[in-house]
Amino acid sequence: MIVVTGYLTIDPEKRTEAEAAIAAFVPQNLAEDGCVDYRFSWDTLDPNRLNGVEQWESQAAIDAHMASAHMAEFMGAIGGCLGGPAEFTAHEISSSTKLI
């Protein structure tokens, strides 16, 4: 399994636009083969930081996701909403244990 974590810094004046882009984008990702979960949530300490976490079954699933038309559409929409840095990192997970 591959877990992707990261964030987008959103221009506060573009928050509504960013939320609309995400609302259209996330359901398409969840329907993709190999997508286990895909979430965005606002950071409780920084109101302009939008945190993301994704779970994928394989690198091939991520590659297909990155090449999808809806990913290109989202990148165009969210790009105009950025107000600072954005960063995402993939983590290859060999095992996990439920804590709670």
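The values are calculated or read from the model by the stated rules, or taken from the named source; none is laboratory data. The shown structure was predicted, so the numbers you read here are calculated from the model rather than taken from an experiment. To get the accessible areas, we keep the full protein, side chains included, count just its heavy atoms, and leave off ligands, DNA and RNA. Shrake-Rupley method; radii C 1.70, N 1.55, O 1.52, S 1.80 Å.
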Ellipticity estimate at 222 nm from DSSP helix runs (n ≥ 4, -39,500 (n - 2.57)) divided over the chain, nearest 500: -11000 deg cm²/dmol
Kindly report the accessible area of the chain per residue (heavy atoms of protein chains, probe 1.4 Å, no ligands, DNA or RNA), in Å². 63 Å²
Carbon and sulfur %, accessible surface of the chain computed with the full protein complex present, 1.4 Å: 54 percent
Need the full-extension length gain, residue 92 to residue 59, defined as separation in residues times 0.36 nm minus the C-alpha distance. One decimal, nm. 11.0 nm
With N residues in the chain, what two-decimal value do you get for its Cα radius of gyration over 2.2 N^0.38 Å? 1.09
Under the Debye formula (equal points on every Cα, no solvent term), log10 I(q)/I(0) of region 11-54 at q = 0.16, 0.33 Å⁻¹: -0.47, -1.18
Stick to Cα atoms and the Kirkwood definition of Rh, then tell me Rg/Rh for region 49-100. 1.03
